[in-house]
Amino acid sequence: MEMMPEEPTDTEIIRRVLSGDKDAFEFLLERYGSLVFGIVARHVPRGQVEDVAQEVFFRAYRSLAAFAGQGLFNHWLSKIAVRCCHDYWRGSRSQEMPASTLTDEHRAWVDRIMAVESQETFEQETERREAQEVLHYVLSLLPAEDRMVLALVHLEGRPTGEAADMLGWSVVKVKVKAHRARRKLKELIKKLADHR
Amino acid sequence: MKSGKTKTDRLERALIAAYGRGEKHPVSPGWQERVMRRIRQEETQREQENVPWLSPPHLWRFAASTCMAAAVVTAYALISGLSIESELANEVLGDFSLIIAQVLGLI
């Protein structure tokens with residue numbers, strides 16, 4: 001039986017990159033590309049995922065010496081990914097979707113979801129494209145910080161401590177921001193329901 | 001009949017569920033090469049910008065030597081009772097009057 005060559009560990013790859021073998025960084029791209037795409041795709045518009053994911057790895061490369069093997073590399077990289085998404089929204093407030101981009105289809109979806117009776121129909125409706133688009137519309141109306149904390153704590157259900165670590169904020173700040181962001185989301189949803 | 005709150009709660013739950021069902025974005029072909037190209041460009045640029053004599057340790061050593069030289073000159077001027085400003089003025093004015101005289105053809 002042919003022996004498979006052993007995969008280098010993250011620490012070994014990082015050591016190689018830091019000692020000048022920059023091509024070794026490609027192992028990390030291969031290994032963690034899906035992880036980063038998964039995080040970034042949840043936070044930024046579809047057309048921006050590749051650019052933001054590229055920025056994540058570029059920042060990771062530049063600060064690789066600061067990582068120094070403390071903790072898990074994938075956890076460290078996830079934090080960079082979340083912060084890059086946050087920076088994306090901080091830098092693109094002017095490009096946000098205007099309020100008029102909700103179409104009749106979206107309004108019809110809101111009507112259907114509010115009138116739905118069975119759990120089965122409810123789940124079918126949440127799988128529709130309109131559900132994603134209405135969600136992106138609502139989130140686009142929130143400031144960058146509110147949007148990120150809402151996504152991590154409320155939509156993904158992460159504990160506040162973990163969200164604080166990912167965003168580089170204090171736990172208190174996350175708690176306060178998450179509470180306010182949730183309230184804003186509820187107000188937006190109420191407006192959406194009332195003015196559909 | 002359902003209350004308005006229940007309806008908006010349901011809409012919120014639907015949006016949370018929609019978030020969880022978000023489409024997966026696969027790593028596209030060619031993306032990895034683009035990242036590596038950017039990294040190599042950055043490295044090349046950094047190597048070009050990294051002029052040895054301008055690197056921080058050299059810069060600080062140069063700054064320290066300059067300060068030391070300035071301190072020595074000041075100490076010498078104070079001890080020997082020289083007025084640096086007047087010496088400099090004499091030098092400059094002396095040269096200047098010489099040049100004027102040459103231009104006017106006096107010497």
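The values are calculated or read from the model by the stated rules, or taken from the named source; none is laboratory data. Nothing here was measured: the structure is a model prediction, and the numbers come from that model. No Cβ is skipped: glycine too gets one built from the backbone with ideal geometry, and neighbour counts run over all protein chains shown. Areas reflect the complete protein model, heavy atoms only, side chains present, ligands, DNA and RNA absent. Shrake-Rupley method; radii C 1.70, N 1.55, O 1.52, S 1.80 Å.
Worth a mention:
- Take the Cβ atoms of A:His75 and B:Glu42, set R0 to 25 Å, and the FRET efficiency comes out at 0.55.
- Each peptide in B:18-29, A:76-87 receives the mean, over its residues, of other Cβ atoms within 10 Å, and ordering these scores from highest gives A:76-87, B:18-29.
- Of the residues making up the stretch B:25-44, those losing 30 Å² or more of accessible area when the isolated chain is joined by the remaining protein chains, with a 1.4 Å probe, are B:His25, B:Val27, B:Trp31, B:Gln32, B:Arg34, B:Val35, B:Met36, B:Arg38, B:Ile39, B:Arg40, B:Glu42, B:Glu43.
- Peptide A:170-178 - average C-beta neighbours from other chains (10 Å radius): 0
- Exercise: per-residue mean of other protein chain Cβ atoms within 10 Å, A:29-41: 3
- Cα-based helix-to-principal-axis angle, A:171-194 vs chain A, degrees rounded to 10: 40
- Length added when fully stretched, A:Asp87-A:Thr9, from 0.36 nm per residue minus Cα-Cα: 25.1 nm
- The B and A chains share an interface that buries close to 3900 Å² of accessible area, total over both sides, probe 1.4 Å.
- Ranked packing of A:54-65, A:117-128, most packed first, by mean Cβ within 10 Å: A:54-65, A:117-128
- Ordering of B:60-68, B:38-46, B:9-17 by packing [mean C-beta count within 10 Å, highest first]: B:9-17, B:38-46, B:60-68
- Counting only other chain Cβ atoms within 10 Å of each residue's Cβ, the peptide A:126-137 averages 4.
- Sequence-ordered 3J(HN,Hα) estimates for the stretch A:13-18 from the Karplus curve with 6.51, -1.76 and 1.60 and θ = phi - 60° stand at 4, 4, 4, 5, 4, 5 Hz, glycine and proline given as x.
- Of A:Lys191/B:Lys7; A:Lys79/A:Lys186; A:Lys79/A:Lys173; A:Lys191/B:Lys24; A:Lys79/A:Lys175; A:Lys184/B:Lys7, those spanning more than 22 Å from alpha-carbon to alpha-carbon: A:Lys79/A:Lys186; A:Lys191/B:Lys24
- Nearest 10 degrees, 0 to 90: helix A:49-62 Cα axis against chain A principal axis: 30
- Solvent-accessible heavy-atom area per residue, rounded to whole Å², over the stretch A:13-63 at 1.4 Å: 44
- Modelled spin-label separation between A:Asp111 and B:Leu104, with each label point placed 7 Å from Cα along the Cα-to-Cβ direction: 10.0 nm.
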